[in-house]
Amino acid sequence: MTASPPEIGVGIIGYGLMGKAHTYGYAVAPRIRELPVCPRLRVISGRDAAAVERAARAYGVEDWVTDWRAAIERDDVDVVDICTPPGTHAEIVAAAAQAGKAVLCEKPLAADYASARAAADAVARAGVLNAVGFNYRRLPAVALMRRMVADGAVGEVRLWRATWLSDEFCDPDIPFDWRFERALGATTIADLGAHLVDLAEWIVGEIAEVATQSETFTGERADPAGGPARAVDVDEASSALVRFASGARGTFEVARTCMRRPCDFTVEVNGTDGTLHFDYARLNELWFGSAHDDAATYGMRRIRAEHPSHPYAADWWPIGQGVGYGTSFVNQAADHLERWPDGPWEPDLAVGARVQAVCEAMERAAAERRWVSISDVLSG
Ligand SMILES: NC(=O)c1ccc[n+]([C@@H]2O[C@H](COP(=O)([O-])OP(=O)(O)OC[C@H]3O[C@@H](n4cnc5c(N)ncnc54)[C@H](O)[C@@H]3O)[C@@H](O)[C@H]2O)c1
């Protein structure tokens, strides 16, 4: 009999959608990959005792608390996994780092660049393992896209194009919640756009400057507590032009007001030798057109990003069966646990802060109707 790997304790902060996704990730990770440690879901925190108790039972977490500080302080918690709204992240990261815990924080790292920078500085000072939850990097087709660009499949990248369209804000009768409050939920540029900015910088390289337009179509929403209507200070739809440091050009569009669009994101690169296109609704596929193809087969070919030679694919099902959204969280947990205790974890909070700087540059560009350099945000 082989000995079981040692256990490490995980504390989950927040029990909403991401609390569910992250606990699922830890539960399944040891089944898809041989890991040096076995994660134990020790505790989950939430402000509503009855709801967090229900979540603990449903997600297979051993205990629950109503104060996140109590989760961080526990000796049996080694990893603090933060799944609360963006405006709460920096304070929780700082407390976890000070307690010497490894930190995984959901995106966007914060609701503004100064807080994101403070969070990244806190983990650097404490010397703890840390990562930001850019889970889409860990879908096989997206990771394959990055590998193919790095291997020169499209030649020199000239254009980048990214869209994220959802209908979550279409209905003006949806009452006010944290997503409509910039200080807590961040902008749509940061909330949806952070994933796309991360993918752009990961696949193409650093963005140098941006120009943006933003709009909010429903300016106030009903107060769920019955008080006067609350003002919405979050953009509902934004689009940006960008220039990469390499000279490549790009566009981004993020919008939560697109009828019948549930969570549709696409990314595309056009290079001197080819094009790669990913469409999240068909997440097991990557489209590739090469300038070197025979003219008789002109067009884009559909790569099934499930071959064992493709990133992550060998951990999963036989080719043709496909993977889904939850897979990205399992891969994320497995990547981190595999590197316990020495790391490094990727992408780290410094990457999260850099992405936040690009998002803040986009917000400034929209407010001031001008091109904004990322270096201006980074230098304060
Ligand atoms: N990576 C992804 O695919 C993905 C998807 C959705 C959300 N997110 C991110 O995950 C984080 C959490 O989002 P979610 O969809 O799980 O949210 P959610 O509303 O489903 O859950 C939020 C959790 O945070 C707690 N919380 C703590 N302080 C709060 C406050 N002041 N106001 C409201 N809730 C508070 C809530 O009790 C709840 O447990 C956000 O940063 C969001 O941007 C990431």
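The values are calculated or read from the model by the stated rules, or taken from the named source; none is laboratory data. Because the structure is predicted, anything quoted here is derived from the model rather than measured. Glycine also receives a Cβ, built like all others from the backbone with ideal geometry; neighbour counts cover every protein chain displayed. To get the accessible areas, we keep the full protein, side chains included, count just its heavy atoms, and leave off ligands, DNA and RNA. Shrake-Rupley method; radii C 1.70, N 1.55, O 1.52, S 1.80 Å.
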Item to check | Val77 vs. criteria over 17 Å from the mean Cα position of the chain (by Cα) and more than 11 Å from the ligand (Cβ to nearest atom) | outcome: yes
Checklist entry - Only one of these conditions is not met by Tyr15: (1) open to solvent by 40 Å² or more (accessible area, probe 1.4 Å); (2) within 25 Å of Val123 (Cα to Cα); (3) more than 12 Å from the ligand (Cβ to nearest atom). Which number is it? => result (3)
Checklist entry - Among Glu360, Glu306, which is more than 29 Å from Ala183 (Cα to Cα), of a type in the set (D, E, K, R) and touching a residue at least 40 places away in the same chain (Cβ under 8 Å)? => result Glu306
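Say we look at segment 80-93 and pick out the residues that are of a type in the set (A, V, I, L, M, F, W, C) and either touching a strand residue (DSSP E or B) at 6+ places or on another chain (Cβ under 6 Å) or assigned to a loop (DSSP other than H, G, I, E, B) (or both); which of these is farthest from the ligand (Cβ to nearest atom)?
Within segment 80-93, the first condition is being of a type in the set (A, V, I, L, M, F, W, C), and the residues that meet it are 80, 82-83, 90, 92-93.
Remaining after also requiring either touching a strand residue (DSSP E or B) at 6+ places or on another chain (Cβ under 6 Å) or assigned to a loop (DSSP other than H, G, I, E, B) (or both): 80, 82-83, 92-93.
Working: Val80: 14, Ile82: 8, Cys83: 5, Ile92: 9, Val93: 12 Å.
Among those residues, the one meeting the criterion is Val80.
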Next on the checklist: Quick check on this structure: which one of Trp178, Trp164 is in contact (Cβ under 8 Å) with a residue 40 or more places away in the chain and either more than 10 Å from the ligand (Cβ to nearest atom) or among the acidic types (Asp, Glu) (or both)?
Outcome noted: Trp164
Next on the checklist: Which count do you get for residues in segment 33-48 that are more than 11 Å from the ligand (Cβ to nearest atom), open to solvent by less than 60 Å² (accessible area, probe 1.4 Å) and outside any loop (DSSP other than H, G, I, E, B)?
Outcome noted: 5
Checklist outcome for this item: Residue pairs within 7 Å by beta carbon, gap of at least six or interchain, first lying in segment 72-98 and closer than 18 Å to Gly19 by Cβ and open to solvent by 10 Å² or more (accessible area, probe 1.4 Å), second acidic (Asp, Glu) and near the ligand (Cβ under 8 Å from one of its atoms), listed first then second, are Cys83/Glu106
Checklist entry - So which residues in segment 324-342 are out of contact with any Pro (no Cβ under 8 Å at 6 or more places or on another chain), open to solvent by 20 Å² or more (accessible area, probe 1.4 Å) and away from the ligand (no atom under 14 Å from the Cβ)? => result Asp335, Arg339, Pro341, Asp342
Checklist entry - Phe169 is checked against (1) in a strand (DSSP E or B); (2) away from the ligand (no atom under 13 Å from the Cβ) and fails just one. What number does that condition carry? => result (1)
Item to check | Unmet criterion (only one of (1) near the ligand (Cβ under 9 Å from one of its atoms); (2) touching a Ser or Thr at 6+ places or on another chain (Cβ under 6 Å); (3) open to solvent by 20 Å² or more (accessible area, probe 1.4 Å)) for Tyr59 | outcome: (1)
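Just to be sure, is Val52 β-branched (Val, Ile, Thr), more than 12 Å from the ligand (Cβ to nearest atom) and over 27 Å from Ala313 (Cα atoms)?
Details: β-branched (Val, Ile, Thr): yes; more than 12 Å from the ligand (Cβ to nearest atom): no; over 27 Å from Ala313 (Cα atoms): yes.
So Val52 does not fit the description; no.
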Next on the checklist: If Ala96 satisfies all but one of (1) in contact with a strand residue (DSSP E or B) (Cβ under 6 Å, 6 or more places away or on another chain); (2) outside any helix (DSSP H, G or I), what's the number of the condition it fails?
Outcome noted: (2)
Checklist entry - For Glu209, which of the numbered conditions (1) more than 21 Å from Ser373 (Cβ to Cβ); (2) over 21 Å from the mean Cα position of the chain (by Cα) fails to hold? => result (1)
Next on the checklist: If Ile374 meets every condition in (1) of a type outside the set (Phe, Trp, Tyr); (2) open to solvent by 80 Å² or more (accessible area, probe 1.4 Å); (3) within 24 Å of Val197 (Cβ to Cβ) apart from one, which number is that one?
Outcome noted: (2)
Next on the checklist: If I ask for residues that are in a strand (DSSP E or B) and either open to solvent by 10 Å² or more (accessible area, probe 1.4 Å) or aromatic (Phe, Trp, Tyr) (or both), which ones from segment 104-163 would you list?
Outcome noted: Asn130, Val157, Arg158, Leu159, Trp160, Arg161, Thr163
Next on the checklist: closer than 26 Å to Ala3 by Cα and part of a loop (DSSP other than H, G, I, E, B): is that true of Val61 in this structure?
Outcome noted: yes
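Quick check, is Ala3 without any contact (Cβ under 8 Å) to a residue 24 or more places away in the chain, among the hydrophobic types (A, V, I, L, M, F, W, C) and within 21 Å of Pro341 (Cβ to Cβ)?
It is true that Ala3 is without any contact (Cβ under 8 Å) to a residue 24 or more places away in the chain, among the hydrophobic types (A, V, I, L, M, F, W, C) and within 21 Å of Pro341 (Cβ to Cβ).
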Next on the checklist: I'd like to check something: does segment 295-312 contain any residue that is of a type in the set (A, V, I, L, M), surrounded by fewer than 19 Cβ atoms within 10 Å (Cβ to Cβ) and touching an Asp or Glu at 6+ places or on another chain (Cβ under 6 Å)?
Outcome noted: no
